[in-house]
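The values are calculated or read from the model by the stated rules, or taken from the named source; none is laboratory data. Everything numeric here is computed off the predicted structure, so don't read it as measured data. Here the Cβ positions follow ideal geometry from the backbone for every residue, glycine too, while neighbour counts run over all protein chains shown. Side chains included, ligands, DNA and RNA excluded: accessible areas come from the protein's heavy atoms. Shrake-Rupley method; radii C 1.70, N 1.55, O 1.52, S 1.80 Å.
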Amino acid sequence: MKCPSCQNNQHVRQSGLTCTKCSYKFVFNPKAQETILLTDGKFQALIRRASQSDKLYFTNNQLYSVYTQGKTTSKTIGFVFVLILSIIAVVTLSFGHPSGFIFLAFAVFLSLALLYKPPILTRHNFFNAITKWQDSGKPIDKLLEKTTLHDPPPEWKESDIFDYGVERILIVQRELMVDLLVLNNAHAEQRALVISESGYPAYLTQMAGRLIEQRPDLPVFILHDGDEIGQKMRSRIEMTSQPIKADALIDMGLYPNDFRRLTKVKNFDKQDSDRRLPMDALPNNLLMASVATCFVQRASFDSLLTAQASSGSDAGMSVDSGSSDFG
């Protein structure tokens, strides 16, 4: 494997896990069962992708999502080559030319290569790999693992919240998702006040209550995981003492059926056949672009997926280079 520091080709069996040129200490042994095929270089590349070159904060789930997406590749072109090689083999053999066997052998070899599915670490084992990386003295600067927004920033004033103009309130199921959206500046870009169902952060939750009282038509969106707790979030919100008009409350999701239709996360936690996945199974670009579209259209993920399917687009809500299939 290559050393991510000096690019030296390190032979683990002969030289161990310390680079013979620059003394870089490898964290992962790609031959080990618990981190099979995971190398230091690949892990660093995953961090760069998840953070978009250290620009965005991300969660453990999002890092795992990027890892599983890397295991999903289009094999259509490969199978086209197999078909072409097979046709050439049949034609040449029909004329009695022995070179047809060579083409046939290539077709069989390529078919086997395309059918091979590289192993994917379970979410549990991948999280253990994250811990192993950090325990080795290699911090992951943009990784969010605990909440940090309990207190208002220094010199914060309540009037500051109106600097970007609140056009909607977003209530998320888990507190860490507030940090993910706010630290990535989604609240300012989307003019949204972001709080959690539990009332985090408290100083913004109090303001959200006043805004709802003053502006009863202010749209209130909720975003949650696909587990049983998340699926019941709307009913819990409706039972709170805070009055929210029924037509002002919009449940964006995510529900198991949404995750079943999202091709981008088809390899995420494949052991969960019910697809009760966390909302941050979606990587940042897909999550942010999809939330923005839901805001504009005052729609749910389900309705957007349905509209996309009816238009013949990929049901994965594909996002590339920071853009989304959603306008």
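Please work out which one of (1) within 22 Å of N184 (Cβ to Cβ); (2) modelled with pLDDT of 75 or more is the condition L121 fails and give its number.
(1)
Taking I87 as meeting all but one of (1) at pLDDT below 80; (2) over 30 Å from F127 (Cβ atoms); (3) not in a loop (DSSP other than H, G, I, E, B), write down the number of the exception.
So I87 meets the others, but not (1).
Show the residue pairs meeting these rules: Cβ distance below 6 Å; 6+ apart or different chains; first residue within segment 44-71 and of a type outside the set (D, E); second residue open to solvent by 50 Å² or more (accessible area, probe 1.4 Å) and outside any loop (DSSP other than H, G, I, E, B).
Y57/L183; N60/F127; Y64/R123; V66/R49
Could you please find all residues in segment 146-188 being at pLDDT 90 or above, part of a loop (DSSP other than H, G, I, E, B) and touching a Pro at 6+ places or on another chain (Cβ under 6 Å)?
Result: L149, single match.
Can you tell me which residue in segment 125-145 is most open to solvent (accessible area, probe 1.4 Å), limited to those that are free of Cβ contacts under 8 Å to residues at least 60 places away in the same chain and part of a helix (DSSP H, G or I)? Before the answer, list the steps.
Going through segment 125-145, the residues free of Cβ contacts under 8 Å to residues at least 60 places away in the same chain turn out to be 131, 134-135, 137, 139.
Subsequent filtering for residues that are part of a helix (DSSP H, G or I) retains 131, 134-135.
Working: T131: 66, Q134: 56, D135: 125 Å².
Checked segment 125-145; the qualifying residue most open to solvent (accessible area, probe 1.4 Å) is D135.
Check off (1) more than 26 Å from the chain's Cα centre (by Cα); (2) at pLDDT below 90; (3) within 27 Å of L143 (Cβ to Cβ); (4) not charged (D, E, K, R) for A202 and give me the number that stays unchecked.
Among (1) more than 26 Å from the chain's Cα centre (by Cα); (2) at pLDDT below 90; (3) within 27 Å of L143 (Cβ to Cβ); (4) not charged (D, E, K, R), the lone unmet condition for A202 is (2).
So that you can scan it fast, the table gives a plain yes or no per residue for (1) in a strand (DSSP E or B); (2) open to solvent by less than 50 Å² (accessible area, probe 1.4 Å); (3) small (G, A, S):
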site	(1), (2), (3)
I222	yes, yes, no
R236	no, no, no
T240	no, no, no
I250	yes, yes, no
N257	no, no, no
F268	no, yes, no
Q271	no, no, no
R276	no, no, no
N285	no, yes, no
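Could you please find all residues in segment 6-43 being in contact (Cβ under 8 Å) with a residue 60 or more places away in the chain and not β-branched (V, I, T)? Walk me through how you get there before you give the answer.
Within segment 6-43, the first condition is being in contact (Cβ under 8 Å) with a residue 60 or more places away in the chain, and the residues that meet it are 25, 27-28, 34-38, 43.
Correct list: K25, F28, E34, L37, L38, F43.
Looking at (1) on the phi > 0 side of the Ramachandran plot; (2) at pLDDT below 80, which is the only condition F106 fails?
Status for F106: all satisfied but (1).
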